[in-house]
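Q: One structure, pasted below without further comment.
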There are 2 protein chains.
Amino acid sequence: MHSAPHSTKERILSSAEELFARHGFDGASLRQLTAAAGVNLAAVNYHFGSKDRLIEEVFRRRLDELNGRRMAALNRIAGQEETTLEDVLAAFIKPALDLSHDGNGSLFMRVLARAFAEHDDTLRKFLSDNYGHVMRQFTAEFARLLPHLSKEELYWRVDLVTGALTHAMSGFGMIQRKSDVTEHTHREQAAAHLIRFAAAGLSHP
Amino acid sequence: MHSAPHSTKERILSSAEELFARHGFDGASLRQLTAAAGVNLAAVNYHFGSKDRLIEEVFRRRLDELNGRRMAALNRIAGQEETTLEDVLAAFIKPALDLSHDGNGSLFMRVLARAFAEHDDTLRKFLSDNYGHVMRQFTAEFARLLPHLSKEELYWRVDLVTGALTHAMSGFGMIQRKSDVTEHTHREQAAAHLIRFAAAGLSHP
DNA sequence: ACAGGAGTCAAACGATCGTTTGAGCATACG
DNA sequence: CGTATGCTCAAACGATCGTTTGACTCCTGT
């Protein structure tokens, strides 16, 4: 089922993720990509069929993991009386922070931010078809916790929160932390900032 | 000084703005661009020198206008005792909304969102060198109105607000309005949403 | 009237792109 | 042993890219 961790497919996916994040989907060529991965140029078309399908696989690999953890965290708290808005936001944000722990996982957030900016219909449809249910479920829980908001008002605020979080998380590699705090506590602080900001933006009267 | 409104230079700039917004800086070729503008392919290199310099001119033309209006609106209210956080945010957001009134001015916000996602050092330096003072002046006014925030805390929140606004304004062309509200009032409502959201995110305890 | 700059044009330049091809290699299976 | 099968490889394909060239037109200033 899964490929070996250092197989040709996985090496391509890792290099693709990094180069797509740094130079964009058009900007990163298959020749740069395969050279960085140490594989032959034709390997991309052999294993993935085309560059577009490779791009989709880059998303699928990370989003399956990311959204799986998000749903697990949400299901652990959804519908309960003592659940707070901050809890739900943490269920959404923490998995993304965990992702940026390992290797170039943080670069994937840049890839995701690019996808939003692209406004490419094919890519947006792919993301909506495969992972739209996650956003829908989170929105439903927001609606339960914010009953004073109209549906239209809520959609507006969720959209703005999404924009802020995508923007912020795509820059995680860049934010300089003071030398006296560890990488771990820095991320904890970042998450705390994000959660409090988003909670304020969602719930203001 | 300024070119005639329908000169070759202006026709190129308008088509460039639209195609850069729709297909990205790499995705839009000079051949598509000059064909849409109804001018010869070589005209771009003749009038602008290169594609990169054309890109810079697309930014310069709109940002000079946009930031000029922002600074004018800010200077009208900065430092006064009765000025509220919402006033400052309106000084930042309203000019962007006005821009999207005329022609394809709204597409420029998409171009700007792309530039943020690109993380291109050359482009970021260009934007920072030419228009960084605007963000600095707005941040200074935020600092005056939010004295309870540390400098680090304020930078965090301003960054998140910037992300939310860029994301939201880049999608203005897409947001569907109900058929019973005019385009004008729809924009007013959008601005009101943005301002209240940003104010809540900036000023929460 | 005429020299000269500004602008436009078709054509070509070299480079790079995604994709395809067919031969070569290895391992697994009859 | 023989032969499929999965995979890798160098090489080439046609297309498209940004840029340059040189001839041609038009207008302006002396």
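The values are calculated or read from the model by the stated rules, or taken from the named source; none is laboratory data. Computed from a prediction, not measured in an experiment: that's the story for all the values here. Glycine also receives a Cβ, built like all others from the backbone with ideal geometry; neighbour counts cover every protein chain displayed. Only protein heavy atoms, including side chains, enter the accessible area calculation; ligands, DNA and RNA are left aside. Shrake-Rupley method; radii C 1.70, N 1.55, O 1.52, S 1.80 Å.
Q: Buried accessible area for the B:A pair, summed, 1.4 Å probe, in Å² rounded to 100?
A: Its buried surface, counting both partners, is about 3100 Å².
Q: Let me cross-check B:Leu85: its accessible surface, 1.4 Å probe, with only protein heavy atoms counted, in Å² to the nearest 10?
A: 20
Q: Can you give the average number of partner chain beta-carbon atoms within 10 Å of each beta-carbon in peptide A:192-200, as a whole number?
A: 4
Q: Here's another thing I want to ask about it. Chain A: longest stretch without exposed GluC sites (Glu not before Pro) (DSSP loop, at most 12 other Cβ within 10 Å), sites themselves excluded?
A: A:83-205
Q: Accessible area of the protein assembly as shown with a 1.4 Å probe: how many percent of it is carbon plus sulfur?
A: 51
Q: Could you provide, to the nearest whole Å², the per residue accessible area of the protein assembly as shown with probe 1.4 Å?
A: 49
Q: Still on this structure, please answer the following. For region B:1-49, what does the relative contact order come out to in percent, with C-alpha contacts under 8 Å and a separation of six or more?
A: The value is 34 percent.
Q: Can you tell me the relative contact order of chain B? Whole percent, Cα pairs under 8 Å, sequence separation 6 or more.
A: Relative CO of chain B lands at 22 percent.
Q: Moving to a separate point now. Have a look at region A:73-132 and give its Rg and Dmax from the Cα atoms, expressed in angstrom.
A: Considering region A:73-132 through its Cα atoms, Rg and Dmax are 14.5, 40 Å.
Q: Please report the spacing between the Cα centers of region A:28-55 and region A:58-131 in Å, no decimals.
A: After rounding, the separation between the Cα centres reads 26 Å.
Q: Please compute the Kirkwood hydrodynamic radius of region A:1-139 from all pairs of different C-alpha atoms, in Å with one decimal.
A: About 16.2 Å for region A:1-139.
Q: Roughly how compact is region A:1-49, stated as its Cα Rg over 2.2 N^0.38 Å to two decimals?
A: Ratio of Cα Rg to 2.2 N^0.38 Å: 1.07.
Q: Ignoring everything except DSSP H segments at least 4 long, calculate the 222 nm mean residue ellipticity for the protein assembly as shown; use -39,500 (n - 2.57) per segment, divide by total residues, nearest 500.
A: Rounded to the nearest 500, the figure is -25000 deg cm²/dmol.
Q: In addition: Holding the Cα-Cα limit at 20 Å, pick out from B:Lys51/B:Lys125; A:Lys9/A:Lys51; A:Lys151/B:Lys94; B:Lys9/B:Lys51 the pairs that are longer than that.
A: Flagged as over cut-off: A:Lys151/B:Lys94.
Q: Rg to Rh ratio, region B:45-91, alpha-carbon atoms and Kirkwood radius?
A: Rg/Rh for region B:45-91 comes to 1.30.
Q: Related question: Can you tell me the 0 to 90 degree angle between the C-alpha axis of helix B:151-170 and the longest principal axis of chain B, rounded to 10?
A: 50
Q: Taking only the C-alpha atoms, wrap a convex hull around region B:67-169 and report its volume per residue in Å³ as a whole number.
A: 106
Q: If you average over every viewing direction, what projected area does the convex hull of the Cα atoms of the protein assembly as shown give, in nm²?
A: 23.4
Q: I've got another one for you. How do A:Ser29, B:Ser150, B:Ser100 stack up against each other in accessible area, from largest to smallest, with a 1.4 angstrom probe?
A: B:Ser150, A:Ser29, B:Ser100
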